[in-house]
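All remarks here apply to the structure that follows.
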There are 4 protein chains.
Amino acid sequence: MIKVGIIGATGYAGSELVRLLTSHPQAEITCLTSQSYAGKKYAEVYESYRHIPYICEEEDIEKMAEQCDVIFLALPHGVASKKVSESVLSKCKVIDLGADFRLSDLDTYEKWYTTHYSKDILPEAVYGLCEINREKIRGRRIVANPGCYTTCSILSMYPLVKEGMVELSSIIIDAKSGATGAGRSLSLPNHYCELNESVKAYKIASHRHTPEIEEQLSKAAGEEVIISFTPHLIPMDRGILATCYATLKDSYTYEDIRAAYEKHYGGEYFIRLTKEGTFPETKWVKGSNFVDIGFTVDKRTGRVIVIGALDNLFKGAAGQAVQNMNILFDIDEKTGLDYVPIFPA
Amino acid sequence: MIKVGIIGATGYAGSELVRLLTSHPQAEITCLTSQSYAGKKYAEVYESYRHIPYICEEEDIEKMAEQCDVIFLALPHGVASKKVSESVLSKCKVIDLGADFRLSDLDTYEKWYTTHYSKDILPEAVYGLCEINREKIRGRRIVANPGCYTTCSILSMYPLVKEGMVELSSIIIDAKSGATGAGRSLSLPNHYCELNESVKAYKIASHRHTPEIEEQLSKAAGEEVIISFTPHLIPMDRGILATCYATLKDSYTYEDIRAAYEKHYGGEYFIRLTKEGTFPETKWVKGSNFVDIGFTVDKRTGRVIVIGALDNLFKGAAGQAVQNMNILFDIDEKTGLDYVPIFPA
Amino acid sequence: MIKVGIIGATGYAGSELVRLLTSHPQAEITCLTSQSYAGKKYAEVYESYRHIPYICEEEDIEKMAEQCDVIFLALPHGVASKKVSESVLSKCKVIDLGADFRLSDLDTYEKWYTTHYSKDILPEAVYGLCEINREKIRGRRIVANPGCYTTCSILSMYPLVKEGMVELSSIIIDAKSGATGAGRSLSLPNHYCELNESVKAYKIASHRHTPEIEEQLSKAAGEEVIISFTPHLIPMDRGILATCYATLKDSYTYEDIRAAYEKHYGGEYFIRLTKEGTFPETKWVKGSNFVDIGFTVDKRTGRVIVIGALDNLFKGAAGQAVQNMNILFDIDEKTGLDYVPIFPA
Amino acid sequence: MIKVGIIGATGYAGSELVRLLTSHPQAEITCLTSQSYAGKKYAEVYESYRHIPYICEEEDIEKMAEQCDVIFLALPHGVASKKVSESVLSKCKVIDLGADFRLSDLDTYEKWYTTHYSKDILPEAVYGLCEINREKIRGRRIVANPGCYTTCSILSMYPLVKEGMVELSSIIIDAKSGATGAGRSLSLPNHYCELNESVKAYKIASHRHTPEIEEQLSKAAGEEVIISFTPHLIPMDRGILATCYATLKDSYTYEDIRAAYEKHYGGEYFIRLTKEGTFPETKWVKGSNFVDIGFTVDKRTGRVIVIGALDNLFKGAAGQAVQNMNILFDIDEKTGLDYVPIFPA
């Protein structure tokens, strides 16, 4: 059994990790920590756990590194980079669900986020977008688990960018997320009566997932990609839908586009292409690790419109983190992740 | 592997059965049928199944009985009683998720429902409320899976009624259900904009789950029990909350009440008693087979108030049906059912 | 024009008052105050007011009393009783939306709430349940505006209690409220993802609206009434539904019951009795001052079941407060309140 | 008093018209008709009307034209063009809430919709986007009330297109709508459990509001405009948010953009520009005739992002129709429409 530690287990992403790992047949939770709830029963923080006597412990990453095979970090940005050290990595694997190790360009990180405290370790981290970087992930000591919006956005656009089928300067991603994406911390915009029955855009032209998408699409393109990215908040718990627009470089048909997606994703279990004329809805992937992708060619405007959907806490966070763990420990990538979406829910 | 057939697989309860059985380690779906969608891919009916190529077949129960070890029926009332026959039961087990075999009193059935077409088989059916009737279920050929409201209501009140602690004529159950309880058939009251952002009672003093609750509580009490039962529709997908009121026969304390619940449910994995001062919320059991129960003694009025919560499609329908299958086939009752509730969702 | 001051204008009840009074043809807002937002534009607190330049002022009730004809208080309990004084009342009318002047029994108030700081003024206050106390309200200096649950509960049961048709000890009120009832203050239970898609009971057998309902029903009955009252939280913004149970003293028919309601409410514009077989839904009264009431006789149990519905911010708070103002200033009671419910919304 | 007839009063747009006109101080409903519910009380179709005894009548437009000063049509496309005739227009004004008279280009109409049956009358119709076409509307006999998506989209982009500040070929509008936009007719996608807790795009690159937006923006630009328009369905009752992207023709600043909006909308009561850094949310305009518009310049990409919000049943349908009536009858444009948004709701 893989011995697992979770630091920051009481946020929504952390709790989803606890849920998935509790049922994982080849892993067991050795230790879970929480700054806010240390000493409390986990079931008092999440009453869904009434039947399991987890206790929230004080964090001591060095000690955990000795007891665990892998440590998951689910922390605010800027905190993880202070915790990971050579000493920790020499003893166990680290999978970071936060942003600190996602951007390989240090300047970009410090411009969009804050000071980075593990500059020496940063080059070693691999961007854990499993379907794209699977082979690079194997054998690594530290994996940067991608963001929710970014997983959905990059996977939606990757084949077109990789195959050079779209004008790179034309990419616009209009994304919609459920409220769990904003976490469990209290704030007026996430107060029930303020968010319910409403839709809004936020962090327009300034959301921190923008450079993450750009860096990965740039790598795929072999040249710099600058995009417009607009996140929206939707009155629902889970789900991200990314509606992506790009101008086609040539008069490609639906079949041309489909061929590119089949080429890259044809063998991917967790990516499901919708059939022509059908498009993803977030409800069809809820509670699962699937990413559904559909697309159409708009001949009137010469654009391709691609729509991707995933569950932001599952494939967009904890599910992909477990998928990365499965890759790191050389077990079947689907282990503990092969949930049929729960519908309706 | 237990070979399973599902008749009526395209309603919400049927689809939840398909979901649970798809992941069940000791069962496999041999055949699933649908009157409305025969010949279609199941993934066209529920796009959550894009990755699994189930086909909806025409129903032929006699043929299915030969191919399957157990057949689940998820049909409108009055239909199942026409399909089940001695011939079928001689070849395989039957678990009926509908109402046709739940009431042992034929007159009560025909008064609240319709003509019964399997009067000869009715006496053989066992009421599949697993925690209460486990031993009676073993070895049976046909199990009547309880209703969603009834599972929640009976389990909430059973210990108090069985132990003779409440005035039987004083029982009032005010129940609240999510919209999946009304099924997938189109109707104005279930049109999104009509149901959303509203709450209402319906079938007041006339809901068909009333006699089912009464028959079971009467058996527990050893005398006739007549209750008030009022269902309400809540703007959410899943979940039932039953708020139960009864006058105490004596000046019982919280501890007295708790002792009764511990006596009957102390060893039950799927029943979780909340601690004193905490009460169930439907969200804490969503996507699981758990029933959470809490209670308080109101000294001012001499009443006990008991609150039970479950997921109506899971423990209230498909989950309990699978639990009955596990009992019938003598495998661990939790097999394929040990889901941690999904939260938030 | 009636000159109006509002103290505590930035809570949900306060903001509904601002909304209704902004459109009231015979009133004008002279001053609105907020402890949290003093000095800010009201439109920064509620962006629905982008077109109206209200400013949140510091509270100075003595000064306001000189400038205004009436002051509305929308404050936490225990605060209003500190602010109201003989000096204030000598200059202007006061309508308190909080609990401080609702209970005429001081001991009951201090048992369920906190110390009362205006014991001398308390006897002068009238309970502003307009349809019942209209004549007592006229000419008063201070009106205690009823609570949301209580308005719905009392109006639902009043005719039966007043006419002596039910066993007083048998009354049970199972109430359901939207989330605006919990106000705008941040708390984990009101965080979107915690409240959404769930239902729960809270403050079971201990909610502070209980003694308020009891005091008013006792006055109607001419003897002490003790009830069970259980509030529930529903995932929606607005609306209260009260499901009321009581044992009938005699074998009354539906027509007998209806006659009692017609006797007391036949001439009331804001109370709408549903026709037989139809029951209230909160969505049908949203955005209006109406209370819809329906009922049925359950011959099996000898109980009457009464269901009332209102909009908790409108008739349950600000609307009734304006109705009280209209009575105090001898203008048509419907002035500024005759909204058709907004549907669907 | 303006005598009003409403044909098609029982759809959601029709019912919103009934609501607004019931409270309109200078109009009275003389007749309302319904194909589905003729002969029934309107309160049986919408129980919000329990207090008003409207009756649904059989439609006879010629007779109505004699009794009414204005007739509103709220009908499926293709039906209105069969009903409007010279005879009707010679007797009364017509305001059509459907699509039949919105496109001045007949070929475009017949390509996107169906055969047009009033080709002779079409040239006379004016596009009733009040803030843009106010002067053209005065004195007309027939007004085509704009669509919900189109009102939001056109008003959001008009100043930039009119002032020639954006590349016309770059315009992308990603729109989000609440479920009332789909109407009251039953369909699986609008079944509560299917739509709730999910987000999806639909009619991608093929929605019929596309040519309507294009025709109006083309008129503003003085040359042909082709856009991408993608509608999305949001789990809420009311509201449309349009997120609009366009490439700037020059390095305009926020102030430059703002000046264009102030120039065109500075005097418009029902258009509210948000302050810099703040963006519209649908909840802030719910239940009102306001359109809120905000924007930002994204220097990284050279794009302007404009966000508009309105209530689709109010300004997006019935409210604007009443605004058109007010213009036609030369009364204050705000009459009967000056609602403060209802919040939270």
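The values are calculated or read from the model by the stated rules, or taken from the named source; none is laboratory data. Remember, predicted model here, so these are calculated numbers, not experimental data. Positions of Cβ are backbone-derived with ideal geometry, glycine not excepted, and every protein chain shown enters the neighbour counts.
Are any residues in the range C:318-343 under 25 Å from D:Leu310 (Cβ atoms) and in contact with a Lys or Arg (Cβ under 7 Å, 6 or more places away or on another chain), and if so, which ones?
C:Val340, C:Pro341, C:Ile342, C:Phe343
Of the residues that make up the range D:167-185, is at least one assigned to a helix (DSSP H, G or I), touching a strand residue (DSSP E or B) at 6+ places or on another chain (Cβ under 9 Å) and among the polar types (S, T, N, Q)?
yes
Tally time: how many residues in the range B:233-279 are free of Cβ contacts under 8 Å to residues at least 60 places away in the same chain and within 7 Å of chain C (Cβ to nearest Cβ)?
5
Please tell me if A:Leu89 is outside any loop (DSSP other than H, G, I, E, B), crowded, with 16+ Cβ neighbours inside 10 Å and within 14 Å of another protein chain (Cβ to nearest Cβ).
No: the conditions fail for A:Leu89.
Is it fair to say A:Glu268 is under 30 Å from D:Ser169 (Cβ atoms) and either in a loop (DSSP other than H, G, I, E, B) or not hydrophobic (A, V, I, L, M, F, W, C) (or both)?
The answer is no for A:Glu268.
Which residue pairs have Cβ atoms under 6 Å apart, sit 6 or more places apart or on different chains, and have a first residue in the range D:316-345 that is farther than 28 Å from D:His209 by Cα and modelled with pLDDT of 95 or more and a second that is buried (at least 21 other Cβ atoms within 10 Å of the Cβ) and acidic (Asp, Glu)?
D:Pro344/C:Asp237
Could you check, for the range A:86-108, whether at least one of its residues is in contact (Cβ under 8 Å) with a residue 60 or more places away in the chain, aliphatic (A, V, I, L, M) and over 23 Å from A:Met157 (Cα atoms)?
The answer is yes, given that some residue of the range A:86-108 is in contact (Cβ under 8 Å) with a residue 60 or more places away in the chain, aliphatic (A, V, I, L, M) and over 23 Å from A:Met157 (Cα atoms).
Check C:Ile293 against each of (1) in contact with an Asp or Glu (Cβ under 9 Å, 6 or more places away or on another chain); (2) crowded, with 24+ Cβ neighbours inside 10 Å and name the one condition it does not meet.
If we test C:Ile293 against (1) in contact with an Asp or Glu (Cβ under 9 Å, 6 or more places away or on another chain); (2) crowded, with 24+ Cβ neighbours inside 10 Å, just (1) comes out false.
Output the number of the condition that A:Cys56 fails; it satisfies all remaining conditions of (1) surrounded by 15 or more Cβ atoms within 10 Å (Cβ to Cβ); (2) within 20 Å of A:Ala321 (Cα to Cα); (3) more than 14 Å from every other protein chain (Cβ to nearest Cβ).
Evaluating A:Cys56 over (1) surrounded by 15 or more Cβ atoms within 10 Å (Cβ to Cβ); (2) within 20 Å of A:Ala321 (Cα to Cα); (3) more than 14 Å from every other protein chain (Cβ to nearest Cβ) leaves (2) as the failure.
All but one of (1) in contact (Cβ under 8 Å) with a residue 24 or more places away in the chain; (2) within 11 Å of chain B (Cβ to nearest Cβ); (3) within 29 Å of A:Tyr192 (Cβ to Cβ) hold for C:Gly181; which doesn't?
Going through (1) in contact (Cβ under 8 Å) with a residue 24 or more places away in the chain; (2) within 11 Å of chain B (Cβ to nearest Cβ); (3) within 29 Å of A:Tyr192 (Cβ to Cβ) one by one, C:Gly181 breaks only (2).
Out of all the residues in the range A:200-228, which are more than 11 Å from chain D (Cβ to nearest Cβ) and among the hydroxyl-bearing types (Ser, Thr, Tyr)?
A:Ser218
What is the residue count in the range C:200-245 for residues that are in a loop (DSSP other than H, G, I, E, B), surrounded by fewer than 23 Cβ atoms within 10 Å (Cβ to Cβ) and among the basic types (Lys, Arg)?
Residues in the range C:200-245 being in a loop (DSSP other than H, G, I, E, B), surrounded by fewer than 23 Cβ atoms within 10 Å (Cβ to Cβ) and among the basic types (Lys, Arg): 2 in total.
Is it the case that some residue within the range C:83-98 is in contact with a Pro (Cβ under 8 Å, 6 or more places away or on another chain), closer than 17 Å to C:Ala13 by Cα and not assigned by TED's automatic domain parsing to the domain that holds C:Ile227?
If we filter the range C:83-98 for residues that are in contact with a Pro (Cβ under 8 Å, 6 or more places away or on another chain), which is where we start, we get C:98.
Of the ones still in play, those that are also closer than 17 Å to C:Ala13 by Cα are C:98.
Filter once more, keeping what is not assigned by TED's automatic domain parsing to the domain that holds C:Ile227: C:98.
Looking through the range C:83-98, at least one residue is in contact with a Pro (Cβ under 8 Å, 6 or more places away or on another chain), closer than 17 Å to C:Ala13 by Cα and not assigned by TED's automatic domain parsing to the domain that holds C:Ile227.
I'm checking my understanding of the structure. Among residues of the range A:157-166 that are of a type in the set (A, V, I, L, M) and not in a helix (DSSP H, G or I), which one is nearest to D:Glu276 (Cα to Cα)?
Ranking the qualifying residues of the range A:157-166, first place goes to A:Val166.
Looking at (1) surrounded by fewer than 23 Cβ atoms within 10 Å (Cβ to Cβ); (2) more than 22 Å from the chain's Cα centre (by Cα); (3) at pLDDT 95 or above, which one does B:Ser48 not meet, given that it meets all the others?
(1)
I want to confirm something. Restricting to the range A:186-199 and keeping residues that are part of a helix (DSSP H, G or I) and surrounded by fewer than 18 Cβ atoms within 10 Å (Cβ to Cβ), which single residue is nearest to the other protein chains (Cβ to nearest Cβ)?
Out of the qualifying residues, it is A:Leu188.
Scan B:Cys152, B:Cys130 and give me the residue that is within 14 Å of chain C (Cβ to nearest Cβ) and within 18 Å of the chain's Cα centre (by Cα).
Working: B:Cys130 fails: within 14 Å of chain C (Cβ to nearest Cβ).
Answer to the check: B:Cys152.
Exactly one of these conditions fails for C:Gly78: (1) out of contact with any strand residue (DSSP E or B) (no Cβ under 9 Å at 6 or more places or on another chain); (2) modelled with pLDDT of 95 or more. Give me its number.
Going through (1) out of contact with any strand residue (DSSP E or B) (no Cβ under 9 Å at 6 or more places or on another chain); (2) modelled with pLDDT of 95 or more one by one, C:Gly78 breaks only (2).
Search the range A:282-315 for residues being in a helix (DSSP H, G or I) and within 14 Å of chain D (Cβ to nearest Cβ), and hand back the single one that is nearest to the chain's Cα centre (by Cα).
A:Thr282
Of the residues C:Ile121, C:Ile137, C:Ile154, C:Ile132, only one is surrounded by fewer than 24 Cβ atoms within 10 Å (Cβ to Cβ), in contact (Cβ under 8 Å) with a residue 12 or more places away in the chain and closer than 19 Å to C:Arg272 by Cα; which?
When all the criteria are applied, what remains is C:Ile132.
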